[in-house]
Amino acid sequence: MVGLEIEGGKPLRGEIIISGAKNAALPLLCLGLMTSDKLVLKNVPKLADTVSMEGLLRHHGVQVDREGETVIMTGGASQFDAPYDLVRKMRASVLVLGPLLARYGEARVSLPGGCAIGTRPVDLHIRAMQALGAVVELADGYIQARVTHRLSGGRVVFPMVSVGATENALMAAALAKGPSELVNAAREPEIVNLANCLNAMGAKIIGQGSGNIKIEGVDDLQGTSHEVIPDRIEAGTFAIAAVMTGGDLTLHRTFGRNLDALLMVLKKTGARITETDDTIRIVAEGRPIATDITTDPFPGFPTDLQAQFMAMMCVAEGSSRISETIFENRFMHVSELLRMGADIQVDGGVAMVRGQRSLSPAPVMATDLRASVSLVLAALTIKGVSQISRIYHLDRGYSRLEEKLGNCGAILRRIKAL
């Protein structure tokens with residue numbers, strides 16, 4: 001198993017170009033199932049998760065070709081079964097459900113795997129498909145769905161905000177017969193990016209970015225060329241790293257408006273932040289000031305930045321309160337941060353963090369994608385050598401992490417984990 005060895009204690013200084021958003025690319029790739037025409041996606045990061053999705057699409061019969069960060073898809077599907085061996089590594093695999101049902105009238109999708117950060121029920125996806133006229137059942141570890149002729153427009157009311165279920169419903173409704181309405185829909189920028197691509201393919205969608213999305217179903221979709229938005233979570237991770245290490249980083253090809261909740265909090269920690277249309281500069285001097293956060297769906301503070309923020313609070317001046325409202329098991333990084341000398345107490349969905357002047361090097365183990373990068377950030381603040389094992393999680397969500405950090409003064413190298 002591969003690990004990461006980090007020599008920390010140095011401020012990060014330099015410039016980083018932010019990659020395309022993994023969480024936007026994955027549903028966009030699924031659109032390759034919804035047209036036989038050529039669909040070109042640009043700025044698609046080459047990550048373990050995007051490569052897995054490309055493999056799943058090939059299994060379904062889509063011709064998928066990658067040229068750098070451009071993915072070209074043609075042909076549509078000829079196979080409607082998404083088996084466990086292909087789906088188990090990534091929860092986003094369930095996003096093929098809506099496209100397959102909408103275009104071909106049937107789908108059999110294994111219950112997905114991915115990070116063990118808590119319950120991400122597929123029942124919201126199933127309810128959405130049922131609201132659009134599909135017959136759905138769970139059997140032998142699979143979601144089995146079918147529709148006699150074509151999905152019909154309907155009103156989908158989400159009892160709780162779900163990005164994945166909103167994406168699945170949006171794709172399915174685009175080819176349903178008649179109008180549909182998604183109520184309490186997710187408002188994330190990745191949803192907007194998906195809807196904009198669908199509209200470029202001939203869909204009729206309005207209201208994306210709000211909690212109420214309306215779709216007028218069309219008979220078919222055409223090919224197009226579309227660009228994946230910058231990864232706001234990657235940008236946020238590097239912004240936090242700059243503050244933690246007392247550094248000065250300029251992040252290119254990113255949108256500050258998609259990170260307003262984080263940037264507002266970083267200013268409270270004492271960081272100086274300068275924004276242009278597609279650039280953010282973060283300058284930190286001294287230790288960050290402890291600040292409280294509560295995770296919430298967009299436009300609130302992202303749960304995908306909670307672990308990184310906690311790592312920063314471990315070296316902040318003062319005590320902070322971190323409330324996690326999205327995933328019940330998203331404090332699994334706490335035990336590893338404690339091994340590095342952090343002072344954290346957890347009570348249910350709330351963590352109280354007492355900042356330390358410095359942490360200590362220690363061998364630690366990643367438990368999920370965002371937890372793994374939080375350990376990297378913590379190690380960057382430590383004078384000495386830290387080792388992180390199970391870093392395959394990092395490769396699922398961060399493109400060329402060592403290269404980007406290395407160009408800004410960090411010392412990282414891959415090793416054979418103990």
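Of all residues in the stretch 56-71, which are over 24 Å from ALA107 (Cβ atoms) and either in contact with a Cys (Cβ under 9 Å, 6 or more places away or on another chain) or β-branched (Val, Ile, Thr) (or both)?
Answer for the stretch 56-71, where residues must be over 24 Å from ALA107 (Cβ atoms) and either in contact with a Cys (Cβ under 9 Å, 6 or more places away or on another chain) or β-branched (Val, Ile, Thr) (or both): just THR70.
Only residues that are more than 25 Å from GLN387 (Cβ to Cβ) and charged (D, E, K, R): list them for the stretch 304-335, please.
Matches in the stretch 304-335: GLU317, ARG321, GLU324, GLU328.
Which one of these does PRO299 not meet: (1) touching a helix residue (DSSP H, G or I) at 6+ places or on another chain (Cβ under 8 Å); (2) more than 23 Å from VAL161 (Cα to Cα); (3) assigned to a loop (DSSP other than H, G, I, E, B)?
(2)
Give the residues of the stretch 280-298 that are under 19 Å from the mean Cα position of the chain (by Cα) and under 16 Å from ALA235 (Cα atoms), sorted by residue number.
If the condition is that a residue be under 19 Å from the mean Cα position of the chain (by Cα) and under 16 Å from ALA235 (Cα atoms), then PHE298 is the only one that fits.
Condition first: among the small types (Gly, Ala, Ser) and without any contact (Cβ under 8 Å) to a residue 40 or more places away in the chain. Now tell me which residues in the stretch 163-191 satisfy that.
Of everything in the stretch 163-191, those that are among the small types (Gly, Ala, Ser) and without any contact (Cβ under 8 Å) to a residue 40 or more places away in the chain turn out to be GLY178, ALA185.
Do any strands (runs of 3 or more DSSP E) lying entirely in the stretch 20-127 carry at least 3 residues that are more than 30 Å from VAL157 (Cβ to Cβ) and without any contact (Cβ under 8 Å) to a residue 24 or more places away in the chain, and which ones are they?
Hits in the stretch 20-127: 63-67.
Quick check on the stretch 209-252: of everything there that is surrounded by fewer than 24 Cβ atoms within 10 Å (Cβ to Cβ) and among the polar types (S, T, N, Q), which residue is nearest to the chain's Cα centre (by Cα)?
Ranking the qualifying residues of the stretch 209-252, first place goes to SER210.
I'm checking my understanding of the structure. Among residues of the stretch 144-161 that are surrounded by fewer than 22 Cβ atoms within 10 Å (Cβ to Cβ) and closer than 28 Å to THR295 by Cβ, which one is farthest from the chain's Cα centre (by Cα)?
Looking at residues that are surrounded by fewer than 22 Cβ atoms within 10 Å (Cβ to Cβ) and closer than 28 Å to THR295 by Cβ, I get VAL157.
Please identify the pairs in which a residue from the stretch 200-217 that is without any contact (Cβ under 8 Å) to a residue 24 or more places away in the chain and closer than 19 Å to ARG187 by Cα has its Cβ atom under 6 Å from the Cβ atom of a residue that is part of a loop (DSSP other than H, G, I, E, B) and basic (Lys, Arg), counting only partners at least 6 apart or on another chain.
Sorted first by the residue in the stretch 200-217, then by its partner, the pairs are GLY209/ARG187.
Take the conditions in contact (Cβ under 8 Å) with a residue 24 or more places away in the chain and surrounded by 24 or more Cβ atoms within 10 Å (Cβ to Cβ) and apply them to LEU263. Does it pass?
Judged against the criteria, LEU263 is not a match.
Exactly one condition in (1) surrounded by 24 or more Cβ atoms within 10 Å (Cβ to Cβ); (2) assigned by TED's automatic domain parsing to the domain that holds ALA311; (3) closer than 30 Å to ALA128 by Cβ is false for ARG257; which is it?
Result: ARG257 passes all but (1).
Among the residues of the stretch 38-56, how many are touching a strand residue (DSSP E or B) at 6+ places or on another chain (Cβ under 7 Å) and surrounded by fewer than 24 Cβ atoms within 10 Å (Cβ to Cβ)?
Summing the residues that are touching a strand residue (DSSP E or B) at 6+ places or on another chain (Cβ under 7 Å) and surrounded by fewer than 24 Cβ atoms within 10 Å (Cβ to Cβ) in the stretch 38-56 gives 6.
How about the stretch 162-192: which of its residues are surrounded by 22 or more Cβ atoms within 10 Å (Cβ to Cβ) and closer than 22 Å to VAL40 by Cβ?
GLU167, LEU170, MET171, ALA174, LEU175, GLU190, ILE191
Of all residues in the stretch 6-19, count the ones that are closer than 17 Å to GLY246 by Cβ and outside any strand (DSSP E or B).
4
Taking the condition of being free of Cβ contacts under 8 Å to residues at least 60 places away in the same chain and of a type in the set (D, E, K, R), how many residues in the stretch 354-371 meet it?
Selection size over the stretch 354-371: 1.
Name, by its number, the condition in (1) touching a residue at least 40 places away in the same chain (Cβ under 8 Å); (2) in a loop (DSSP other than H, G, I, E, B) that does not hold for ALA307.
Just one mismatch for ALA307, condition (2).
What residue, among those in the stretch 336-370 that are touching a strand residue (DSSP E or B) at 6+ places or on another chain (Cβ under 9 Å) and small (Gly, Ala, Ser), is nearest to ILE391 (Cα to Cα)?
That would be ALA366.
Go through the stretch 79-107 and give me each residue that's in contact with a Lys or Arg (Cβ under 9 Å, 6 or more places away or on another chain) and more than 21 Å from ALA173 (Cβ to Cβ).
Residues satisfying the conditions are ASP81, PRO83, LYS89, MET90, ARG91.
Which of the residues that make up the stretch 72-81 are surrounded by fewer than 24 Cβ atoms within 10 Å (Cβ to Cβ) and touching a Leu at 6+ places or on another chain (Cβ under 6 Å)?
Passing the criteria: ALA77, PHE80.
Does the stretch 297-304 contain at least one residue that is surrounded by fewer than 23 Cβ atoms within 10 Å (Cβ to Cβ) and touching an Asp or Glu at 6+ places or on another chain (Cβ under 6 Å)?
yes
The values are calculated or read from the model by the stated rules, or taken from the named source; none is laboratory data. Predicted model only: the values in this text are computed from it and were never measured. Cβ sites come from the backbone with ideal geometry, for glycine too, and all protein chains shown count toward neighbours.
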